[in-house]
1. If I ask for residues that are out of contact with any Pro (no Cβ under 7 Å at 6 or more places or on another chain), in contact (Cβ under 8 Å) with a residue 40 or more places away in the chain and buried (at least 18 other Cβ atoms within 10 Å of the Cβ), which ones from the stretch 218-230 would you list?
2. Checking the condition within 25 Å of the chain's Cα centre (by Cα) and not charged (D, E, K, R), which residue from L310, L365, L333 passes?
3. Tell me whether the stretch 250-266 contains one or more residues that are out of contact with any strand residue (DSSP E or B) (no Cβ under 9 Å at 6 or more places or on another chain), over 18 Å from V382 (Cβ atoms) and assigned to a helix (DSSP H, G or I).
4. Could you please give the count of residues in the stretch 266-295 that are of a type in the set (D, E, K, R), surrounded by 13 or more Cβ atoms within 10 Å (Cβ to Cβ) and farther than 18 Å from V346 by Cα?
5. Which is polar (S, T, N, Q) and more than 29 Å from I306 (Cα to Cα), of T195, T181, T186?
6. Taking the stretch 332-375 as the search range and keeping residues that are of a type in the set (D, E) and without any contact (Cβ under 8 Å) to a residue 40 or more places away in the chain, which one is surrounded by the most Cβ atoms within 10 Å (Cβ to Cβ)?
7. Considering every residue within the stretch 183-190, establish whether at least one is at pLDDT 95 or above, outside any strand (DSSP E or B) and not assigned by TED's automatic domain parsing to the domain that holds G312.
8. Out of the residues in the stretch 153-182 meeting the condition of being assigned to a loop (DSSP other than H, G, I, E, B) and among the small types (G, A, S), tell me which one is surrounded by the fewest Cβ atoms within 10 Å (Cβ to Cβ).
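The values are calculated or read from the model by the stated rules, or taken from the named source; none is laboratory data. Given the structure is predicted, the values throughout are model-derived calculations rather than measurements. Cβ: placed from backbone, ideal geometry, glycine included. Neighbour counts: every protein chain shown.
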Amino acid sequence: MSPLRSRARPSASRIVIGGVAALVALFVAGALVMVPWIGRDLGTRVIDVVQADGVTEVEFHGQDGVLRCAAYLADPAAVIAAAEAVWGVNSVTLDASCGDGTPLPTAPTTAPVTTAPATVPATTVPTTTTVPATTTMPTTTVPSSPVLTAVLLDGTLVLSGPVATDDQRALLVRIAGESVTPENVTDQLVVDAATVAPDDAINRFVLLMKAMPPNLVSGVARWDGVALAAEGLYATADLQQTFTEVATLTGATAALSERPAATAEQATALEAELNALVAAEPILFDKGSTTVSEASLATLHRIAGIAERLGGVRIVVQGHTDSEGNADRNLTLSEERAQAVLDALVELGVPEGDLVAEGFGEQQLIVGADGVEDPDASRRVVFEVTTT
């Protein structure tokens, strides 16, 4: 049955970079100035290092930061040295709240060290429907151990290979979880003290890995003990450029290719795969609202990873309700929920031009064999995929 109303997104283009903001390289007096995202990333990593010493706030402008404190520091010079040792930091200064730079007489000579947990529990990627052969993407070659790798596929990240310390492992797992949700991370890392993995190399690897989910359809980042490299598929030229800029910043080589266009058969298989996923893991909304539930965030990441796999497609996000309540209100609610899912997929890297939102309200109810409506099944978001 045709929908009563449909609504497409505005045609104005929007550069989508998700969790990684665009990095704009400007050479001013020979120095590279990084955009605010890099400043926020440096701030997060620096506060992890110096918070135990009494630093309560870190503010970065590019690669230069200011530390603020709740009380005078026992050893300001040691804190500055620790902060400036973080990869990517150019210089750090202390706010007056941290003291005048003169160590207190009773201060310890070294800053306390916070010990990371001995191990990081491994997380498992939820099982989803097997990808039909007709939608299988060309994949890059995944290096075998002892190479450190992060593999992005269908909205999930698989980490494997050796690291030197528990701290390095914890950092990689945490950032991967922030990028695709912890549920979509598989941790196959091995801590081996004999591994040569300098923190500088791990930090650069983390930045490269973090840039993959919002900018690549699929990809592999690797550190072979000598060089950092990445390869993968991209959906748009804007996202290709953003990832290339991050790769350049980290000193990595990047071999990227455009995603292939779908055939009619692949579009049909893609539709079946998306609908099998949401049948097993329905997209949930907060009660009575159009806000997608936090419980469905991991599912949305996997939907986005599958939806962006092929070019030349038109993916209709279809919202449906049950028959409870006012029919006009249900139609509006179904439209708004479909639009909310579309917006979430765009934020996760699916090109906006691939997507359309439609609301059907209570026009396509799910009825059981007994002829009675199944309200839970009727309330749903499903997908229709065709070639353009």
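1. Across the stretch 218-230, the qualifying residues are S218, G219, V220, A221, W223.
2. L310 is the lone residue from the list that is within 25 Å of the chain's Cα centre (by Cα) and not charged (D, E, K, R).
3. yes
4. Selection size over the stretch 266-295: 2.
5. Only one candidate qualifies: T195.
6. Among them, the one singled out is D343.
7. yes
8. Result: A164.
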